[in-house]
Amino acid sequence: MTKHLRALRQVALIARDLDESLRFWSGLLDIEECYRDDLSAFGLSNVLLPIGEDFLELLQVEIAGSAGARFLERHGEGLYMTIFEGSDAAALERDLEETQIPLAWKHDNPHYVSIHLHPKAMGRVLYSVEHPKQSGEWPPAGFDWRRHARTDIVRGIAGVGMITADADEDAGRWRRLFGAAPAREWEQDGLRIVQMPIGAGDTFVEFQQPVDPAAPAARYLERHGPGMYYWALETPDLDGAMERARAQGVTIIREDRNAEGGRSAWLHPRTTHGVLTELIERR
């Protein structure tokens, strides 16, 4: 059980055209819009789509020179932010101060407390921890989201992977702040991977360090620097999900089987608006 974090609940992608991105992801994953928030303070517009009990957030830049605009200029379309459900906002703030991790932003409204951790102190990844004041709700997606939740193709976010030059440094930071210990460590595709369970262990964060300079991940790190690298979605029917993906023009890079007897497929980011995506069918 990790300290301060109940689960990984939401992933935000930044897009050049919100409507086009919405058409693509809703078609690929068979999910639908549930809410649009006012993000004008950040120079962004957005749309939320539930994936079972989790959420995909799509963002579009509205103001030149904003943080989102600078990110889009440097990185292009892709993964932008990881959002967790937290357990105790005050306790998190105390530990952030003790570990000298500054806040990028805090917002306390009648429905939830939102805490953004400064990316410069978190491996260049923008993390947010949301604390709903009513159990079972997710106010950042409104209060009608369950009516829009679909699970035929995907039923939840399984995890996210971060590209880094030093997986041990990132894992150590997470151990100090969240009490997380690596569940698995292995090497694959020129990467050393350290996987950290979140909450009760149903979701994960991975730190992926290139160990082969010729590997695609090494070239990505050199070009873009550390940050979010991929996300994983759980599907009840991998074959059906792959068939749907191919029908939308998405390229399947490869299929894998894991030690637990599950299967997965990787979708090429050039065909998914810059987002390296893994579909996981658990045993």
- Task: Report, ordered by the first and then the second residue, all pairs with beta carbons closer than 6 Å, sequence separation of six or more or different chains, a first member in region 241-254 that is in the same structural domain as residue 275 (by TED's automatic domain parsing) and within 9 Å of residue 265 (Cα to Cα), and a second member that is at pLDDT 95 or above and part of a loop (DSSP other than H, G, I, E, B).
- Result: 253/268
- Note on the structure: All-but-one check, residue 48 against (1) closer than 18 Å to residue 31 by Cβ; (2) out of contact with any Cys (no Cβ under 7 Å at 6 or more places or on another chain), failing number (2)
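Yes or no: residue 187 in contact (Cβ under 8 Å) with a residue 24 or more places away in the chain, acidic (Asp, Glu) and either more than 21 Å from residue 84 (Cα to Cα) or surrounded by fewer than 21 Cβ atoms within 10 Å (Cβ to Cβ) (or both)? Full working, then the answer.
On the way: in contact (Cβ under 8 Å) with a residue 24 or more places away in the chain: yes; acidic (Asp, Glu): yes; either more than 21 Å from residue 84 (Cα to Cα) or surrounded by fewer than 21 Cβ atoms within 10 Å (Cβ to Cβ) (or both): yes.
Taking the combined requirement at face value, the residue satisfies it.
Yes/no matrix, rows are residues, columns are (1) surrounded by 20 or more Cβ atoms within 10 Å (Cβ to Cβ); (2) assigned to a loop (DSSP other than H, G, I, E, B); (3) assigned by TED's automatic domain parsing to the domain that holds residue 172:
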| position | (1), (2), (3) |
| --- | --- |
| 58 | yes, no, no |
| 64 | no, yes, no |
| 80 | yes, no, no |
| 90 | no, no, no |
| 96 | no, no, no |
| 105 | no, no, no |
| 110 | no, yes, no |
| 124 | no, yes, no |
| 128 | yes, no, no |
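Considering only region 201-250, how many residues are part of a strand (DSSP E or B) and on the phi > 0 side of the Ramachandran plot?
Narrowing region 201-250 to residues part of a strand (DSSP E or B): 203-210, 227-234.
Applying the additional criterion that residues be on the phi > 0 side of the Ramachandran plot yields 227.
Of the residues in that region, 1 qualify.
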- Message: Just to verify a result, which residue in region 256-283, among those that are modelled with pLDDT of 95 or more, assigned to a strand (DSSP E or B) and not aliphatic (A, V, I, L, M), is nearest to residue 152 (Cα to Cα)?
- Response: 281
- Being of a type outside the set (S, T, N, Q) and either at pLDDT below 95 or farther than 23 Å from residue 260 by Cβ (or both) is the filter here, so list the residues in region 154-173 that pass it. 163, 165, 166, 168, 169, 170, 172, 173
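What residue, of 163, 153, is more than 27 Å from residue 50 (Cβ to Cβ) and either crowded, with 17+ Cβ neighbours inside 10 Å or of a type in the set (Lys, Arg) (or both)? First the steps, then the outcome.
Details: 153 fails: more than 27 Å from residue 50 (Cβ to Cβ).
Testing whether each residue is more than 27 Å from residue 50 (Cβ to Cβ) and either crowded, with 17+ Cβ neighbours inside 10 Å or of a type in the set (Lys, Arg) (or both) leaves just 163.
Conditions tested, residue by residue: (1) part of a strand (DSSP E or B); (2) within 16 Å of residue 130 (Cα to Cα); (3) among the aromatic types (Phe, Trp, Tyr); (4) without any contact (Cβ under 8 Å) to a residue 12 or more places away in the chain.
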site: 2; (1), (2), (3), (4): no, yes, no, no
site: 6; (1), (2), (3), (4): yes, yes, no, no
site: 11; (1), (2), (3), (4): yes, yes, no, no
site: 21; (1), (2), (3), (4): no, no, no, no
site: 69; (1), (2), (3), (4): no, no, no, no
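For region 136-143, indicate whether the set of residues that are at positive phi and either touching a strand residue (DSSP E or B) at 6+ places or on another chain (Cβ under 7 Å) or not in a strand (DSSP E or B) (or both) is non-empty.
Taking region 136-143 as the starting set, the residues that turn out to be at positive phi are 136, 142.
With the extra rule that they be either touching a strand residue (DSSP E or B) at 6+ places or on another chain (Cβ under 7 Å) or not in a strand (DSSP E or B) (or both), the set shrinks to 136, 142.
Within region 136-143, one or more residues are at positive phi and either touching a strand residue (DSSP E or B) at 6+ places or on another chain (Cβ under 7 Å) or not in a strand (DSSP E or B) (or both).
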- Of those in region 200-215 that are aliphatic (A, V, I, L, M) and free of Cβ contacts under 8 Å to residues at least 60 places away in the same chain, the residue surrounded by the fewest Cβ atoms within 10 Å (Cβ to Cβ) is 214
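The values are calculated or read from the model by the stated rules, or taken from the named source; none is laboratory data. Remember, it's a predicted structure, so these values are computed and weren't measured experimentally. No Cβ is skipped: glycine too gets one built from the backbone with ideal geometry, and neighbour counts run over all protein chains shown.
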